[in-house]
1. What order do you get for 89-97, 48-56 when each peptide is scored by the mean count of other beta carbon atoms within 10 Å, highest first?
2. For the chain, what is the relative contact order in percent, using Cα pairs closer than 8 Å and at least 6 residues apart in sequence?
3. So how tilted is helix 62-73 from the main axis of the chain? Cα-based, degrees 0 to 90, rounded to 10.
4. Taking 2.2 N^0.38 Å as the expected size of a compact globular protein, what ratio does the Cα radius of gyration of the chain give against it, to two decimals?
5. Excluding residue 45 itself, what net charge comes from residues whose Cβ is under 9 Å from its Cβ, given Lys and Arg +1 and Asp and Glu -1?
Amino acid sequence: MIDSIDNLEACYRRDPNIVSREVAGERILVPITKGTADMAAIYVLNETGGQIWHLMDGQHSLAEIRDLLVDEYDVAPDEAVEDLKEIVGQLQEIGAVRLA
């Protein structure tokens, strides 16, 4: 079940069964519970998604991550929230993050 991401005070943490590496400005996520030969189990995040992934440490709230995105990428807060919700939703779908 996917948690509601409407609460911007919520904190998410990365699943410890996901390994990640930065390659050429993108963040590659690989679940270690699936076979590495299964290319469908490899996920690629762009720079913004990689930054969000990095900040999902169980300590930063979604509101804090939004504020960091607004400052770093010069986007409007509403746009940052929509992007954040989309990425968090996708990460939840693949089991990469959960509520802290």
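Values quoted throughout were computed directly from the atomic coordinates according to the rules given, and no laboratory measurement underlies them. Since we're looking at a predicted model, the values are computed, not measured. Quick reminder, even Gly has a Cβ in these numbers, built from the backbone with ideal geometry, and neighbours come from all protein chains shown.
1. 48-56, 89-97
2. 39
3. Helix 62-73 and the main axis of the chain meet at about 80 degrees.
4. 1.04
5. -1
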